[in-house]
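Novice: Once you've had a glance at the structure underneath, I'll fire off some questions.
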Amino acid sequence: MIYSIIIPLGISIGWVIASLEENTVLKAVFLSISSGTLLFIVVLKCPIEEFLISRMKVVKAIGFILGVLMVMIFHFNELSNNN
């Protein structure tokens, strides 16, 4: 029940913040919080639960490493295009 209330509230807050063009500090703070939360879940929560299951651990590890490498490549590609 709480989840169904918080998600629309978070979307509404995001829309309001996105419409504020002059307040870039507030946008940066909320983007930092949301990206930190995403990284926490992706790097710490999901892999631990996946690697507890004993099937195909090597394939999962290779997939995880390839995923991280792809994100790094996209990030550095974007940085090189902006400069």
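The values are calculated or read from the model by the stated rules, or taken from the named source; none is laboratory data. For clarity, every value in this text was computed on a predicted model and none was experimentally measured. Here the Cβ positions follow ideal geometry from the backbone for every residue, glycine too, while neighbour counts run over all protein chains shown.
Novice: Collect the residues in the stretch 65-83 that are part of a helix (DSSP H, G or I) and at pLDDT below 85, keeping them in residue-number order. Walk me through it before giving the result.
Specialist: Pass one, the stretch 65-83, residues part of a helix (DSSP H, G or I): 65-82.
Hits for the stretch 65-83 are GLU78, LEU79, SER80, ASN81, ASN82.
Novice: Starting from the stretch 35-52, keep only residues that are within 23 Å of HIS75 (Cα to Cα) and without any contact (Cβ under 8 Å) to a residue 40 or more places away in the chain, then list their pairs with residues that are among the basic types (Lys, Arg) and surrounded by 10 or more Cβ atoms within 10 Å (Cβ to Cβ) whose Cβ atoms are within a distance under 9 Å, requiring at least 6 positions of separation or different chains.
Specialist: Once the first residue is within 23 Å of HIS75 (Cα to Cα) and without any contact (Cβ under 8 Å) to a residue 40 or more places away in the chain and sits in the stretch 35-52, its partners that are among the basic types (Lys, Arg) and surrounded by 10 or more Cβ atoms within 10 Å (Cβ to Cβ) give PRO47/LYS60.
Novice: Are there any pairs, at least 6 apart or on different chains, whose C-beta atoms fall under 9 Å, with the first in the stretch 57-75 and without any contact (Cβ under 8 Å) to a residue 40 or more places away in the chain and the second exposed (fewer than 10 other Cβ atoms within 10 Å of the Cβ), and if so, which?
Specialist: Listed by first residue and then by second, the contacts come to LYS60/ILE53.
Novice: Which residue pairs have Cβ atoms under 8 Å apart, sit 6 or more places apart or on different chains, and have a first residue in the stretch 1-16 that is farther than 20 Å from LEU31 by Cα and a second that is modelled with pLDDT under 80 and of a type in the set (Phe, Trp, Tyr)?
Specialist: none
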